[in-house]
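Encoded as structure tokens, the structure appears first; notes follow it.
The values are calculated or read from the model by the stated rules, or taken from the named source; none is laboratory data. Keep in mind that this is a model prediction, so the values were computed, not measured. Reconstructed Cβ throughout: ideal geometry from the backbone, glycine too, with neighbour counts over all protein chains shown.
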Amino acid sequence: MKVTKEKTENSQVFLTVEMEPAEVEVSLEESYYRLVKKASIPGFRKGKAPRAILESYIGKESLLDDALNHLLPKAYQNAIKEEKIEAFAQPNIEITQTDPVVFKAVVPLPPTIKLGDYHCIQVTPQPIKLSDNDVDAVIERLRHQQATWEPVERPVDLDDLVVLDIESSVEDKPFINRKGTQYQVLPDLSFPVPGFAEQLIGMRRDGEKEFNLQFPSDYPKGELAGKETSFKVRATEVKQERLPELDDEFARGVDPEFKTLDLLREKVSANLKRRAEEKARMDFEERVIEAVVGLTEVEFPPVLVEIEIDRIINRQLQQWQMDGKGLEAYLAGINKTEKELREELRPLAAKQVAQSLVLGEVVREEKVEVSDSEIDTEIEEMIKSATENKDELNKLLNNSQSRESIKQLLITRKTIQRLVEIARGSNMSIEKSQKEEQK
């Protein structure tokens, strides 16, 4: 076997391996004995047909494929041992010729991480901005939720609720055909077709209208993109929204707990502040991690990005998959090919891989550990927050695999908290120096 190391780049080694004909012949002979026992060849008992007959019966290519399937993994292991290569993941192997047998292997190498001086990171927390306008916006949404709809004898206008009988078709095939469906006329609404809502403006109760609309060329449902739709609609009722007055009665309608409008506003303000603080915390942590990554030299093989892309897609499928549909249906729903989706996710996946590797190195540097009691406490909190099946959840969370996942989660959380403390400490030191200089 002749091994040539072509190059090393991007955390990968590129090898070319040429097999000795004698090695291939030994593997072919082993494949013959393996396959002849399974083949039912007319005129021969199983296992008794000569090799030439077997090759004629199943094809020389099939015999060679079987031989290489068994030979190449061993040859690859011998090649990386000979070149003293520490492989990090499974290689990408490509057979480039069969006479003699030559294959190329792209071998992923372990990531390399060289931490910078993260103890000097400086990240300034962003101030939390919350105004009365934010509270007013939430109150206004609550008013709309408590609103009533009253019939009116006037033409349809924006924001009205119209009861419609709809007949429609796309290329002479039925599209939407419903009676008594309710439709709120909102500006720039893309359902069922962009421009549909605007066609209803000015219609009166019991009025009818026919019109055609065209789906955009980039419409998410590819089978409808660019096609024309014919509509015939009849408005059987027109309703306008009646908002409740902003008073104590409205507050009690939202929740009897709120006896006055002021109490409702206080609760809304507190909720907004809590969410803003949580978002600010998460944003700050993300910027701290980015600061540490920015100080770090990190290289990793592309296979880690592909694995991360797979993980992101699987997570999206789990969130979206309510009726057993798989990736193909998901791709149709977002109007993308798998290749387009993977390319779109590649920058995010690369960023997440880099962050994960850097945090892992900080864990080793800081010697972050998690005790069994901390894992127990986390499990107790998770069970406490569950609303049902607490006994089953307890069993699920206390198996070894779940406990290890929780342990890794807590280690990551502790590590991020340590970096946040460093970043905050740097800021406090800077602020203290600035104040002393001003004295």
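A few notes on this one:
- Every pair of residues 6+ apart whose Cβ atoms lie under 6 Å, when the first sits in the stretch 384-407 and is of a type in the set (V, I, T) while the second is surrounded by 11 or more Cβ atoms within 10 Å (Cβ to Cβ) and part of a helix (DSSP H, G or I): I406/I375; I406/E378
- When we screen V135, V107 for residues that are surrounded by 15 or more Cβ atoms within 10 Å (Cβ to Cβ), among the β-branched types (V, I, T) and under 30 Å from D65 (Cβ atoms), the only hit is V107.
- Complete set of residues in the stretch 398-413 that are more than 22 Å from V288 (Cα to Cα) and either touching a Leu at 6+ places or on another chain (Cβ under 6 Å) or among the hydroxyl-bearing types (S, T, Y) (or both): S400, S402, S405
- In this structure, Q184 does not qualify as in contact with a Lys or Arg (Cβ under 8 Å, 6 or more places away or on another chain) and closer than 30 Å to A332 by Cβ.
- Hits in the stretch 138-158 - residues which are surrounded by fewer than 12 Cβ atoms within 10 Å (Cβ to Cβ) and more than 19 Å from L261 (Cα to Cα): T148, E150, P151, E153, R154
- Test: A79 is closer than 30 Å to F300 by Cβ, of a type outside the set (V, I, T), outside the structural domain of P301 (by TED's automatic domain parsing) and more than 34 Å from the chain's Cα centre (by Cα): yes
- Residue match in the stretch 7-16 (condition: within 30 Å of V298 (Cα to Cα), in contact (Cβ under 8 Å) with a residue 60 or more places away in the chain and of a type in the set (A, V, I, L, M)): yes
- Test: residue in the stretch 342-364 that is outside any helix (DSSP H, G or I) and within 24 Å of E9 (Cβ to Cβ): no
- Of residues in the stretch 9-44 being hydroxyl-bearing (S, T, Y) and exposed (fewer than 13 other Cβ atoms within 10 Å of the Cβ), the one farthest from D65 (Cα to Cα): S40
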